[in-house]
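The values are calculated or read from the model by the stated rules, or taken from the named source; none is laboratory data. These figures come from a predicted structure and were not determined experimentally. Note that each Cβ is placed from the backbone with ideal geometry, even for glycine, and that neighbours are counted across all protein chains shown.
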Amino acid sequence: MARIIFVLNGPNLNLLGTREPEVYGHDTLDDIAERMEDRGREIGVEIDLRQSNHEGHLVDWIHEAASRGATAVILNPGGLTHTSVALHDAIKAVTVPVIEVHLSNPHAREAFRHKSFVAPAARGTIAGFGADGYLLALDAAARL
């Protein structure tokens with residue numbers, strides 16, 4: 001059975017490449033998916049990349065990752081980082097490790113972005129490295 005890593009993306013990440021490229025870069029989510037799938041093949045893991053603007057979908061997908069025996073979840077919760085007790089609780093409810101990832105560095109931005117409800121439940125956080133952060137998270141997830 002192939003090892004699988006879920007890569008879950010929250011609100012507005014479907015707009016990558018056009019939304020505030022000075023903050024989030026010029027890569028689209030499809031560009032990131034392609035790079036991750038290439039890297040996944042190199043290291044022997046299957047990537048299941050998804051995006052939703054709805055918090056409940058992300059919660060359901062975290063549960064699904066656990067029930068399918070995923071190696072890990074890489075989660076970019078977008079703006080839900082700073083508001084979602086539901087994501088925090090979903091991560092705490094499962095045994096699959098979750099790595100939080102952010103394209104920008106939330107601590108270098110507005111004060112309201114400095115608090116993450118996800119970070120205390122996650123195995124670790126990678127932030128501020130643009131699209132490369134996803135690949136850093138993938139390498140870390142594959143070693144778990």
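Does Ala121 satisfy being assigned to a helix (DSSP H, G or I) and small (Gly, Ala, Ser)? Walk me through how you get there before you give the answer.
Details: assigned to a helix (DSSP H, G or I): no; small (Gly, Ala, Ser): yes.
No; evaluated as a whole, the condition is false for this residue.
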Exactly one of Ala86, Ala70 is assigned to a loop (DSSP other than H, G, I, E, B) and in contact (Cβ under 8 Å) with a residue 12 or more places away in the chain, and that one is Ala70
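How about the stretch 89-116: which of its residues are of a type in the set (A, V, I, L, M, F, W, C) and either surrounded by fewer than 20 Cβ atoms within 10 Å (Cβ to Cβ) or modelled with pLDDT of 95 or more (or both)? Step through it out loud before you land on a result.
Looking only at the stretch 89-116, we keep the residues that are of a type in the set (A, V, I, L, M, F, W, C), and these are 90-91, 93-94, 96, 98-99, 101, 103, 108, 111-112.
Matches in the stretch 89-116: Ala90, Ile91, Ala93, Val94, Val96, Val98, Ile99, Val101, Ala108, Ala111, Phe112.
Please count how many residues of the stretch 63-74 are within 23 Å of Leu29 (Cα to Cα) and out of contact with any Phe, Trp or Tyr (no Cβ under 8 Å at 6 or more places or on another chain).
Selection size over the stretch 63-74: 2.
Please verify whether Ile5 is touching a residue at least 12 places away in the same chain (Cβ under 8 Å), assigned to a helix (DSSP H, G or I) and surrounded by 13 or more Cβ atoms within 10 Å (Cβ to Cβ), treating the condition exactly as stated. Can you show your working first?
Working: touching a residue at least 12 places away in the same chain (Cβ under 8 Å): yes; assigned to a helix (DSSP H, G or I): no; surrounded by 13 or more Cβ atoms within 10 Å (Cβ to Cβ): yes.
Answer is no for this residue.
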Residues of the stretch 92-118 being among the hydrophobic types (A, V, I, L, M, F, W, C), over 18 Å from Asn12 (Cα atoms) and under 12 Å from the mean Cα position of the chain (by Cα), in sequence order, are Val98, Ile99
Reported set for the stretch 22-45 where residues are more than 13 Å from Ile74 (Cβ to Cβ), of a type outside the set (Ser, Thr, Tyr) and touching a residue at least 24 places away in the same chain (Cβ under 8 Å) is Val23, Gly25, Asp27, Asp31, Ile43, Gly44
Out of (1) in a strand (DSSP E or B); (2) over 12 Å from the mean Cα position of the chain (by Cα), the one Leu49 does not meet is (2)
For the stretch 133-142, check the following and say yes or no: at least one residue is without any contact (Cβ under 8 Å) to a residue 60 or more places away in the chain, in a loop (DSSP other than H, G, I, E, B) and either in contact with a Lys or Arg (Cβ under 6 Å, 6 or more places away or on another chain) or surrounded by fewer than 22 Cβ atoms within 10 Å (Cβ to Cβ) (or both). no
Check your understanding: Has the stretch 111-122 got any residue that is in contact with a helix residue (DSSP H, G or I) (Cβ under 7 Å, 6 or more places away or on another chain), β-branched (Val, Ile, Thr) and closer than 20 Å to Ala2 by Cα?
Key -> no
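Given the criteria of a type in the set (S, T, N, Q) and closer than 15 Å to Leu8 by Cα, does Thr71 qualify?
Details: of a type in the set (S, T, N, Q): yes; closer than 15 Å to Leu8 by Cα: yes.
Yes; evaluated as a whole, the condition is true for this residue.
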